[in-house]
Amino acid sequence: MREYFFGRERELELLRTNFFVRTPGPGFCGAINGPNDIGKTMLIRQAAREFEQTPHPNVYYFSTGIVAEGSYWQFWTSLIRMFAVRIPEAKLRAAPNPDPDFIQLILDAYQFFRDPGNLERMGTISFHSEAIDHLNFIFLAYTQLGIHILITIDEFDNARTAFPVDGGDGSFFQRLYMLSPKSSSEYNLSILLISRKRISTIAHHMADGSDIESAFPPFIILRGFSNREMEDYFASYQELLPQGLSQEQREEIYYFCGRHPGLLMKMRALFQRHYDPSVGMTPGDLYREYGQEMTVLYERMNSLLRTEFVDGEKKRNCVGVFSQVFIGPAYDVNLTSRLDQLHKYGLLSKWDKSGKNIFQLAGLPYEDEAERRFDYEPMSPYYIEFFKARVLPEDMDALTRLMTTAEQDVRAGILAVLKAMFPDTWESVLEQYTSTSKQHYRVKLDLIAYQNDADIRNVTYTNLDVLAYNDYFKIIAAYWPQMQPYFRSFVSLEQLETAFQYLNDCRNCFAHNNAKILDERSCSRLRNLCSALIEDYQRGESGEPAAETAQVAPQEDLPASPAMPSLQQIQELLNHPGTIVFCYREKKKPKGNLRGVIKGYNYPAGISKMMLSGFGPQFAPAIGDEFEARVERWDSNAGLFNLVAP
């Protein structure tokens with residue numbers, strides 16, 4: 001199969017000018033970074049192909065990589081043996097400055113690293129002592145002869161595993177540093193490190209604290225395809241489809257692949273192998289029928305997102321940060337400072353010329369102006385749905401933190417109202433809702449504080465801290481007009497009571513280590529309820545006035561035909577942070593979109609076929625089914641709400 005390469009003209013020119021030089025000269029060192037399967041290796045391969053097609057006397061290029069199970073001397077031995085094959089004695093003597101002494105130094109190194117007896121004792125101290133002597137002089141000798149060495153080291157993410165600092169091989173990072181122009185200008189040696197993670201992230205525990213990223217700064221940070229590159233990509237389909245791709249096919253490719261080169265090339269391969277125009281196959285059909293390779297890549301992204309990073313001397317999971325950025329809610333008060341971690345770990349690309357981190361999901365084509373302002377985030381919209389279905393149900397720790405934040409905000413909202421209404425007697429008001437058993441918990445808290453020598457003067461818990469959601473509801477119901485601004489997502493006390501009962505039940509599951517009994521839909525509902533409570537509290541604290549309560553209250557009995565909402569009702573539902581219940585009534589042919597109404601409101605709604613995968617791989621509702629969904633937008637042309645998976 002022919003290997004395709006699209007765009008990257010700017011990046012290729014940077015490589016031609018700085019790294020793939022054709023005459024010996026000063027060395028250049030840097031790093032190429034970018035998320036998984038973004039095309040880092042392909043870019044180098046394309047530039048190297050161009051380099052080999054033109055004369056470049058006394059300049060030699062070597063491509064190598066790091067395997068996790070490798071070792072320090074395996075890496076250098078393999079590389080120097082490649083030198084011996086590509087730059088034999090005859091080429092050394094034909095160099096611009098053929099000094100016999102330096103030629104002999106290089107030949108001695110070749111002989112040492114080729115000798116089977118030496119290789120058998122690679123793990124011994126004597127081998128290390130002799131090998132270091134050869135390694136110390138070989139690159140200087142090449143430079144003195146007038147030879148320039150170019151080296152790319154792929155999969156540099158494996159460096160810390162292959163060359164662990166604690167295991168004694170931390171000198172790998174030091175060796176690279178000493179070979180760079182940052183340390184010495186005496187080498188005609190250029191090295192490019194290719195990795196998903198930032199170099200500083202890989203080597204932040206490096207021995208002696210050397211700043212290797214200053215020696216190998218980010219040279220190229222790869223992103224998803226630009227508008228122009230996407231057009232070149234779509235144009236290549238004319239080789240397979242004489243009529244090219246339809247607009248609908250293009251949009252569906254954007255949905256499954258975003259601007260991610262790895263996913264885009266896998267989709268093109270599916271077209272090349274399996275597309276049958278006689279049956280009108282869509283990109284979605286090809287993915288569902290044959291897209292195992294794409295699913296493997298999605299799963300690999302999921303695995304990478306489970307990477308833990310150290311932040312403030314605590315380990316944190318990238319899943320929590322990623323889900324807050326692309327799914328919400330952003331309940332972490334330090335989220336902005338942690339966004340950069342996703343970039344450093346190679347999970348996001350970013351635009352930082354303005355001094356800010358701005359992350360954008362790759363969907364449909366950007367406007368030209370936006371294209372100049374934003375980096376392209378290679379994650380596809382479908383991947384976000386895939387992530388929500390596969391990863392978030394397992395992310396119970398983040399959900400626990402979200403529940404904690406939501407409950408703290410519920411307590412704070414109640415306390416704010418009571419203190420405003422009863423400045424001097426609010427504590428006695430709380431006592432009316434605190435049973436004897438709850439007072440027992442309060443005594444226990446005092447005892448724990450005493451046993452741990454806590455400063456009781458700084459202990460700020462109240463009776464609210466020993467109450468449950470059912471107790472919270474009783475207080476809120478008693479002062480509903482005053483409390484409502486802090487719980488504005490709930491149009492009635494009945495809705496709030498149902499929500500609080502569900503939160504109480506779920507909290508019990510987590511408290512008794514039985515969170516695993518909650519399925520994907522239960523976790524989604526819990527997440528949305530907590531998100532709504534957090535947002536409600538923030539809006540209540542900001543003093544934002546509550547909306548008029550002229551919303552259509554949910555009804556159990558639906559009229560025969562849908563009701564068209566007013567502009568105010570449309571806006572209210574678009575601002576609704578939680579989920580709604582979709583009543584499935586018919587399938588729209590020939591596209592296969594679902595049509596129905598929103599339960600309780602009876603507003604017309606629909607779910608496009610391409611969005612159905614977000615509800616799960618086995619999702620196949622029958623007409624008459626009801627299930628939770630989330631309002632995405634109002635389609636004025638179709639006169640209905642567009643829904644997506646919760």
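The values are calculated or read from the model by the stated rules, or taken from the named source; none is laboratory data. Not measured: the values here are computed from a predicted model. Ideal geometry is used to build each Cβ from the backbone, glycine not excepted, and the neighbour counts take in all protein chains shown. Heads up: the accessible areas ignore ligands, DNA and RNA and are worked out on the full protein's heavy atoms, side chains in. Shrake-Rupley method; radii C 1.70, N 1.55, O 1.52, S 1.80 Å.
Observations on the structure shown:
- Residue list for the stretch 246-260, filter: out of contact with any Leu (no Cβ under 7 Å at 6 or more places or on another chain), over 14 Å from Leu286 (Cα atoms) and open to solvent by 10 Å² or more (accessible area, probe 1.4 Å): Ser246, Gln247, Glu248
- In the stretch 39-73, the residue that is most open to solvent (accessible area, probe 1.4 Å) out of those that are among the polar types (S, T, N, Q) and touching a residue at least 12 places away in the same chain (Cβ under 8 Å) is Ser63.
- Residue selection: Pro277 satisfies the criterion of being within 21 Å of Leu241 (Cβ to Cβ) and more than 25 Å from the chain's Cα centre (by Cα).
- Scan of the stretch 154-167 for residues that are outside any loop (DSSP other than H, G, I, E, B), modelled with pLDDT under 90 and open to solvent by less than 20 Å² (accessible area, probe 1.4 Å), ordered by number: Ala159, Ala162
- Within the stretch 83-100, tally of residues that are assigned to a helix (DSSP H, G or I), surrounded by 14 or more Cβ atoms within 10 Å (Cβ to Cβ) and either hydrophobic (A, V, I, L, M, F, W, C) or touching a helix residue (DSSP H, G or I) at 6+ places or on another chain (Cβ under 8 Å) (or both): 3
- Within the stretch 187-217, the set of residues being modelled with pLDDT of 85 or more, surrounded by fewer than 17 Cβ atoms within 10 Å (Cβ to Cβ) and not polar (S, T, N, Q) comprises Pro217 only.
- Reported count of residues in the stretch 274-300, each being open to solvent by less than 90 Å² (accessible area, probe 1.4 Å), of a type outside the set (Asp, Glu) and either modelled with pLDDT of 85 or more or part of a strand (DSSP E or B) (or both), is 13.
- For the stretch 14-32, filtered to residues that are open to solvent by 10 Å² or more (accessible area, probe 1.4 Å) and part of a loop (DSSP other than H, G, I, E, B), the residue that is nearest to Pro218 (Cα to Cα) is Phe28.
- Here Phe627 passes the criteria (1) surrounded by fewer than 20 Cβ atoms within 10 Å (Cβ to Cβ); (2) outside any strand (DSSP E or B); (3) aromatic (Phe, Trp, Tyr) except the one numbered (2).
- Cβ pairs under 8 Å, 6+ apart, first in the stretch 157-186 and within 22 Å of Ser129 (Cβ to Cβ) and of a type in the set (Lys, Arg), second at pLDDT 85 or above and surrounded by 17 or more Cβ atoms within 10 Å (Cβ to Cβ): Arg175/Leu135
- Residue count for the stretch 489-507, restricted to those that are of a type in the set (Phe, Trp, Tyr) and open to solvent by 10 Å² or more (accessible area, probe 1.4 Å): 2
- The listed residue being in a strand (DSSP E or B) and open to solvent by less than 60 Å² (accessible area, probe 1.4 Å), out of Ile103, Ile151, Ile80, Ile138: Ile151
- With respect to being surrounded by fewer than 16 Cβ atoms within 10 Å (Cβ to Cβ) and modelled with pLDDT under 85, Leu567 fits the description.
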